[in-house]
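First up is the structure itself, then whatever we jot down about it.
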Amino acid sequence: MRKALELGGVVAAAILVAFGIASIVMAVNGRSTVRDSLKQEQIVGTPDMAPAAIAKEAKAAGLTGVTLPTVAVAGQSINTGARARAFASYMRIHALEATGGLTYAQMGRYLAKPGTPAKFTDGHGGTNDPAHATTNPQTKQPADNGARNVWVTETALTTALNTSYLAEQMSLFGIVVGVALLLSGIGFAILAVGGALRNEEVGLGFFARSTKKSAPRTVPTA
C-alpha cells in the first residue's frame, strides 16, 4: 500500500510539474501576443496625454464629475496592456470634450432643428423627438446626430485597448498559477521520493515527538 501511495505521489508530482510548465509557457506566449499586436497598430500617445495637460483641457471644456487619467503616456509607444488602458482613459476624456460632456446615452438621436426649445434637446444640438429633428434631404427622414458617431468610434477602440489590458493581466495570472503548480509538484516529488510514508521521522516525526514531549509523567507514590 505504501509503495502504491508513493508511486501515486510521484505521478501526481509529475502531473503538477507538467501543468505548471504548460501554464507558464502559455501565459508567456499570450503576453507576447498581446504586446506584439499592440506594436503592430503603431499607437503613440498624443502630447496632451499627461495628467496635468488633460486636467487643463477638461477644465477648459467645462467637464465636471469625470475621473481623469493619472498615468502619462504622452509621446510613448502603446505596446503594453497598462499603457493601452491609460490611452483608453485619455480617449474617453477626448470624447467627452467633443460631445460637451455627454455620453452616448445622454445625446439626442437626431440633429435638432435650429430654434428647437431646450426642453426637447440634449443641450448640445441633439433631440430624441422626430418632430423637432432636421430632415435629411436625401432620405426625407430625421437626420442622425453625427456627434454620436464619436462615441461609437471611441467605444470600439477603447474596448479593444481595455481587452488588451485584461488579456495581459490574465497572462500574468497564468504565470503565477504555473509557478504555484510547479512548486507544488516539486514539493510532492521531494516527499514521495524522500520516503515520507516509510519513515516516521520524515513524515509524521514532528507530531510523534510533540506527543512524546506532552505525555504526562507518572509520579511514583510511596
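The values are calculated or read from the model by the stated rules, or taken from the named source; none is laboratory data. What you see is a predicted model; the values in this text were computed from it and never measured. Positions of Cβ are generated from backbone atoms using ideal geometry, with glycine treated the same way; all protein chains shown enter the neighbour counts.
Could you look through the range 16-53, keep only residues that are outside any helix (DSSP H, G or I) and not acidic (Asp, Glu), and pick out the one that is farthest from the chain's Cα centre (by Cα)?
Once the filter is applied, the top-ranked residue is PRO47.
What do you reckon, is GLY115 over 22 Å from ALA61 (Cα atoms), of a type outside the set (Asp, Glu) and not in a helix (DSSP H, G or I)?
yes
Scan LEU157, LEU181 and give me the residue that is closer than 30 Å to ALA112 by Cα and either of a type in the set (A, V, I, L, M, F, W, C) or surrounded by 17 or more Cβ atoms within 10 Å (Cβ to Cβ) (or both).
After ruling out the rest, the residue left standing is LEU157.
Across the range 37-60, what is the number of residues that are surrounded by fewer than 18 Cβ atoms within 10 Å (Cβ to Cβ) and out of contact with any helix residue (DSSP H, G or I) (no Cβ under 8 Å at 6 or more places or on another chain)?
The number of residues fulfilling the criteria is 12.
Quick one: which residue in ALA88, ALA95 is under 30 Å from ASP36 (Cβ atoms), touching a residue at least 60 places away in the same chain (Cβ under 8 Å), out of contact with any Lys or Arg (no Cβ under 6 Å at 6 or more places or on another chain) and surrounded by 15 or more Cβ atoms within 10 Å (Cβ to Cβ)?
ALA88
Can you tell me which of (1) assigned to a helix (DSSP H, G or I); (2) at pLDDT below 95 is the one GLY65 doesn't meet?
(1)
Determine the pairs where a residue that is surrounded by fewer than 18 Cβ atoms within 10 Å (Cβ to Cβ), located within the range 12-36, has a partner that is among the aromatic types (Phe, Trp, Tyr) with Cβ atoms under 9 Å apart, the partner being 6 or more residues away or on another chain.
Hits for this filter: ALA12/PHE188; ALA14/PHE188.
Can ALA72 be described as part of a helix (DSSP H, G or I) and small (Gly, Ala, Ser)?
no
Looking at the range 56-80, which of its residues are closer than 28 Å to GLU168 by Cα and among the aliphatic types (A, V, I, L, M)?
VAL66, LEU68, VAL71, ALA72, VAL73, ALA74, ILE78
If the requirement is being more than 26 Å from the chain's Cα centre (by Cα), over 13 Å from PRO51 (Cα atoms) and crowded, with 18+ Cβ neighbours inside 10 Å, which of these qualifies: GLY81, GLY108, GLY100?
From the options GLY81, GLY108, GLY100, the qualifying one is GLY108.
If THR135 meets every condition in (1) touching a strand residue (DSSP E or B) at 6+ places or on another chain (Cβ under 7 Å); (2) within 25 Å of GLU57 (Cβ to Cβ) apart from one, which number is that one?
(2)
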